[in-house]
Every structure is written in C-alpha cells, then in structure tokens.
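Asks: The structure is given below, and queries will be raised subsequently.
The values are calculated or read from the model by the stated rules, or taken from the named source; none is laboratory data. Bear in mind the structure is a predicted one, so any value in this text is a computation, not a measurement. Positions of Cβ are generated from backbone atoms using ideal geometry, with glycine treated the same way; all protein chains shown enter the neighbour counts. All accessible areas refer to the heavy atoms of the entire protein, side chains included, with ligands and DNA or RNA removed. Shrake-Rupley method; radii C 1.70, N 1.55, O 1.52, S 1.80 Å.
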Amino acid sequence: MAARLPCTVYAYGTGGFGTLQEYMVLDKYVGRIAPDIVVLQYCYNDFYNNSYEMELRSAKNSNSMVRPYYTSDDRIVYRLPMRFPRLRRLANDYADTFKLPLYLLYKVDKLNARFVDTVEKEIEAKGKGVPAYAQSVETTGRIFEKIKRRLPPKTQFYVFAVDDKQPYYADLATILRKAGIPLITGVAEAVRSAEAAGKVTRADDGVHWNETGHAIAAGKLVDFFAQKWQ
C-alpha cells in the first residue's frame, strides 16, 4: 500500500489477538504516530476472542491462552478460557516437569475441536439467539466505540473484514453502521475470486493469507483510498 499510495503506512499484526487487544496496541502507539487514517482488519472469530464465554465454549476459535476481556462495567480482566484453568497454569509454569500432562491436555483439546459439536454450529443456526454470542456482539460494539473515542478528533477510522461468514458479517456491519464507522467491502470476495481462479492465497495452515492473499487485500484497499483521494 505504501508503494502505491502517497502516504506512510504503519502496520501491526499478531496471531490470535481480539479487538480489545488491538485497542490496547492502538492506545499505546496512536499518540506517537498521530495517524490521519486507521484501518482495522476484522475476522469472524474476533467475536469469539472478544468473549470469555464464547472462547470457553469453542474448541476451534480459542487460542487457549490467557487473554484480556472487556467487562460490562468497562473493566479489563485477564482470564484463561479453558477447562481446568488452574491445572493448565500449573502445567505451564512447570512445563519441564509436566510435559506429559501438557501434551495430554493439548491432545484432548484437538480431539474436542475435531469431533465435538461446539458453539459454532449453534450460532450459525440461531445467531443472537445464543446468549453468549449476543453478549459478544454487544461487547464488540462497545470496544469499537472505545477505539473511536481514543483516536484523535480528525483521524478517520475504517474497518474491513477478511471473510463474510454469517451471521457474523451481518452483525459486524450493523455494529459499524450504528457507530458511524465505514466498512470497506469487497476484500473477502476478491480473495475468494482469486482462489476460484486457481491462485493459492493461504499459508500452510490453510487459514491465514500468504503474500498473494495480502497483495490482493492491499489492492482492494488501495483502490478504495485512491478513489477517495481523487
């Protein structure tokens, strides 16, 4: 993007972060950079990462690590969204001694993710009829409002989604519309179209983009901002 647009680009990314953690990174650096524009990338599993209850029930969309969560009374708390959290923390603290228990817990988690119907299927069928998901949608909306308030008054804020999986995408669009945050569309469709044409856009894990996937996404963002700046 920086090579194709008349701007300086600062990029930050890490595996497994939810929207609250992205806010915490922004809070740390936004004063130093004073950006004119902030663009946030969103994935459907951020709804899981933004909710302790959702991660606790999900074997597929939890990274099984201690994470900060945003509470209903505007606090940030740290919790481990896994069964037997004390045992897991003890095993992690003494990893050299408890290699076998750690390995067994890891295998149980993987088997559970593969063979057990988790909350994902329930949400795809019922949407916000699943209370934990409805709460996560509400929490995610408050986090976006928190990000918006943290930005300098003249900073523009945009969001794009890497996928359009339902009901998550529709709920994200509703959150952003209510908050007055523009949603940049077309990224997921562009990557999917490239894949249909035979291009390999994913890394070895089959989920995250490789350089080709990132280039396609960047191209859609470049097109969006180039039109705005004409």
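Asks: Leaving ligands and nucleic acids out of the surface, order VAL9, VAL159 by accessible area at 1.4 Å, largest first.
Replies: Ranked from most to least accessible, the order is VAL9, VAL159.
Asks: Using Cα positions and a limit of under 20 Å, work out the aspartates and glutamates in reach of LYS28, with same-chain residues fewer than 8 apart set aside.
Replies: List returned: ASP36, ASP74, GLU145.
Asks: Moving on to the next point. Could you work out how much longer the chain between LYS165 and ARG79 gets when fully extended? Use 0.36 nm per residue separation minus the Cα distance between them, nm to one decimal.
Replies: Answer, rounded to one decimal: 28.2 nm.
Asks: Of LYS165/LYS199; LYS128/LYS228; LYS148/LYS178; LYS60/LYS126, which ones are farther than 23 Å apart at the Cα?
Replies: LYS128/LYS228
Asks: Run the numbers for THR71 and THR174: contour at 0.36 nm per residue of separation, minus the present Cα-Cα distance, in nm.
Replies: 35.0 nm
Asks: Suppose R0 equals 35 Å; then what is the FRET efficiency for TYR10 and LYS121 from their Cβ-Cβ distance, rounded to the nearest 0.05?
Replies: Calculated transfer efficiency: 0.35.
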